[in-house]
1. Run the paramagnetic zone check for Glu245: 7 angstrom along Cα to Cβ, then residues of region 5-42 with backbone nitrogen under 19 Å.
2. Hey, with R₀ at 30 Å, roughly what FRET efficiency would Glu77 and Glu134 work out to, going by the Cβ-Cβ distance, to 0.05?
3. How fast does region 167-241 diffuse by Stokes-Einstein, in µm²/s, taking the Kirkwood radius from C-alpha pairs at 37 °C and 0.692 mPa s?
4. Around Lys12, which amide H atoms from residues at least 5 apart in sequence, or from another chain, sit under 5 Å from its own amide H, with H modelled in the peptide plane?
5. Calculate what fraction, in whole %, of the accessible area of region 149-253 sits on carbon and sulfur atoms when a 1.4 Å probe is rolled over the protein chains.
6. To the nearest 10 square angstrom, what accessible area does Leu216 show with a 1.4 Å probe?
7. Once amide H atoms are built 1.01 Å from N in the peptide plane, which residues 5 or more positions from Lys227, or in another chain, come under 5 Å H to H?
8. Using a Gaussian network model on the chain with a 10 Å cutoff between Cα atoms, which of Ala231, Ala96, Ala31 fluctuates the most?
Amino acid sequence: MNYELKEIDKYKFIEEGEGETLLLLHGLFGAMSNFADLIEHFRKSYRVVVPILPLFDLDIFHTSVGGLEKFVHKFIETRGYDNIHLLGNSLGGHVALVHVLKHPEKIKTLTLTGSSGLFENGMGDSYPKRGDYEYIRKKTELTFYDPTMATKELVDEVFEITNSRVKVIKIIALAKSAIRNNLGEELNQIKQPTCLIWGNNDTITPPFVGKEFNKLIPNSELHFIDKCGHAPMMEVPAEFNVILEGFLGKHKG
């Protein structure tokens, strides 16, 4: 499905369907395509909103988890959303966590999948020489349990990003900000019902990270999906949607 990309003020976003707002935040190499199955499923009963995060558009001082959270907060205020079911994958989960801690009033539920905020394996110790397509292909494959999920189109997308010097500097800034911004001591302040959906084969935020989030966030439930890596909503969308629908159903309306 191709959805209309709306542009209002400085915001680019998809908004599909009607009902309570389900707001989705993508990760560092994320894009709308990551949520295709999720949007298609939930637009029948929710207003599904996906803002494009300005990963490469903020100045270097604001290229951080905090800078992205400010962007999300202003987006929510500008659009007038309320009673939001907030979902984040990877870095998007981290941004969602910071937002809930700073501005809990409009958030009804929180869903995290492969979220940073406690621990993550980033690009490893080395960063590739620009132009090393094979390295990028292997790194992209590591996102998934099934390496064939790293299609040529997806690898090309990541390769294009990492081939830009400015974008690489910003990716490193965001990755370092995520590592510095450890939320372990604040998670007990989260009051919202929280759903944790984790791939059992996630190598970037391994299963123990999901267990730790579950331990630290008071009103949370944890679901593991077998044969699944760092992006469950892409790799096993049917199972992911069933878990999410069950959770949201308990807190809807």
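The values are calculated or read from the model by the stated rules, or taken from the named source; none is laboratory data. All values reported here derive from a predicted model rather than from experimental measurement. No Cβ is skipped: glycine too gets one built from the backbone with ideal geometry, and neighbour counts run over all protein chains shown. Heads up: the accessible areas ignore ligands, DNA and RNA and are worked out on the full protein's heavy atoms, side chains in. Shrake-Rupley method; radii C 1.70, N 1.55, O 1.52, S 1.80 Å.
1. The answer is 16-24, 35-42.
2. Given R0 = 30 Å and the Cβ-Cβ separation, E is 0.10.
3. 239
4. Ile52
5. Of all accessible area on region 149-253, carbon and sulfur atoms account for 55 percent.
6. Rounded to the nearest 10, the figure is 50 Å².
7. Those qualifying (amide H under 5 Å, at least 5 residues apart or on another chain) are Asn200, Asn201.
8. Ala31
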